[in-house]
1. Determine whether Thr65 is within 21 Å of the chain's Cα centre (by Cα), among the hydroxyl-bearing types (Ser, Thr, Tyr) and more than 19 Å from Gln113 (Cα to Cα).
2. Does region 138-149 contain at least one residue that is part of a helix (DSSP H, G or I), over 30 Å from Ala28 (Cβ atoms) and either in contact with a strand residue (DSSP E or B) (Cβ under 6 Å, 6 or more places away or on another chain) or among the hydroxyl-bearing types (Ser, Thr, Tyr) (or both)?
3. Could you grab me the full set of residues in region 28-62 that are under 26 Å from Gly125 (Cα atoms) and among the hydroxyl-bearing types (Ser, Thr, Tyr)?
4. I need the full set of residues from region 141-153 which are open to solvent by less than 100 Å² (accessible area, probe 1.4 Å) and out of contact with any Ser or Thr (no Cβ under 7 Å at 6 or more places or on another chain), in order please.
5. Can you confirm whether Leu185 is more than 28 Å from the chain's Cα centre (by Cα) and in a helix (DSSP H, G or I)?
6. Residue check, Ile131 against (1) at pLDDT 90 or above; (2) open to solvent by 70 Å² or more (accessible area, probe 1.4 Å); (3) hydrophobic (A, V, I, L, M, F, W, C), all met but one. Which one?
7. Among Leu105, Leu111, which is under 16 Å from Val56 (Cα atoms), more than 20 Å from the chain's Cα centre (by Cα), in a loop (DSSP other than H, G, I, E, B) and among the aliphatic types (A, V, I, L, M)?
8. Cβ contacts < 6 Å: first residue at negative phi, restricted to region 64-80; second residue small (Gly, Ala, Ser) and assigned to a helix (DSSP H, G or I), any location; separation 6+ or different chain. Result?
Amino acid sequence: MRRVLDDLRHARVLVLHPRDEDGAMLTAHLKRLGCSVTATWPLPAAVPPDTDTIFVQVDNLPRETLSAMLQDRNPAIIAIMTYETPTALQAIMDLNVHGVISKPLRPFGILAQFVLARYRRGYEGRLSGKIQKLEETMKGRRLVERAVKLMAELRSISDDEAYRTLHEQATARRVSLASVAGALLEAKTTLSGIGLSISGNDPGSAK
C-alpha cells in the first residue's frame, strides 16, 4: 500500500472540469493525496508535457479535440460522468478511459479509481512493450529467413549451411543475426538498383 501511495504522490495530474464545487472538491482531494495538480476549463490548447493522469468530465466534451491533444501521449484517463448519455458513453470508448467516476463527486471512490487507472495504464504500457518486442523478433526472423534463402542460392548450399554461415558472420562481428541478414538483403537491393547483381560462390562479388 505504501508503494501505491508513493506512486500517487509522484503523479502529475490534469483536472479538466468546470470550475464549480465538484471541480474544487476533486482538485483539493487530489492535492491532499500529495499529487501535483493542474485544473483548467475549458480544454487547454495543449496538455502539459509531464501529465501522466487526466480526470476529465466527458459530458458534452469535444472528444475529437481532446483525442487530438492526446495523440502520441499515453496518460491514465479517468472519466467523470453526470449522466450515462450516448455522448458520454461514446466519449468513454473513444478515449479508451481507464476508470469512471459518477457525479455528484464524493471523496469516497476517487482514490480507488485513481489507483486502478494508473495500474491499467501501466499494464497496457508493459503489454504494448511486449507486443513491440514480439513484432521486432518476428521481423528479424523474416529477414533471416530471406537472407538464408539468398545465401543458399548464391553458394549453392543447403539452408542449414547458409544459416550457419550467417550465424558465424554475426558472431565474428558481434552483431545480431538479423543485422547481418539485413545487410545482405540491403546489398542485394542496392546492387539491383544500379543494374548489378550478387552472384557466384562469393556473396560479396558482383557482376
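1. Spelling it out, Thr65 is indeed within 21 Å of the chain's Cα centre (by Cα), among the hydroxyl-bearing types (Ser, Thr, Tyr) and more than 19 Å from Gln113 (Cα to Cα).
2. no
3. Answer for region 28-62, where residues must be under 26 Å from Gly125 (Cα atoms) and among the hydroxyl-bearing types (Ser, Thr, Tyr): Ser36, Thr38, Thr51, Thr53.
4. Result: Leu143, Val144, Ala147, Val148, Leu150.
5. In short, yes.
6. The failed condition is (1).
7. On inspection, the qualifying residue turns out to be Leu105.
8. Ala76/Ala117; Ile78/Ala117
The values are calculated or read from the model by the stated rules, or taken from the named source; none is laboratory data. Just so it is clear, the model here is predicted, and its values are computed rather than measured. All Cβ positions, glycine included, derive from the backbone under ideal geometry; neighbour counts span all protein chains shown. Areas reflect the complete protein model, heavy atoms only, side chains present, ligands, DNA and RNA absent. Shrake-Rupley method; radii C 1.70, N 1.55, O 1.52, S 1.80 Å.
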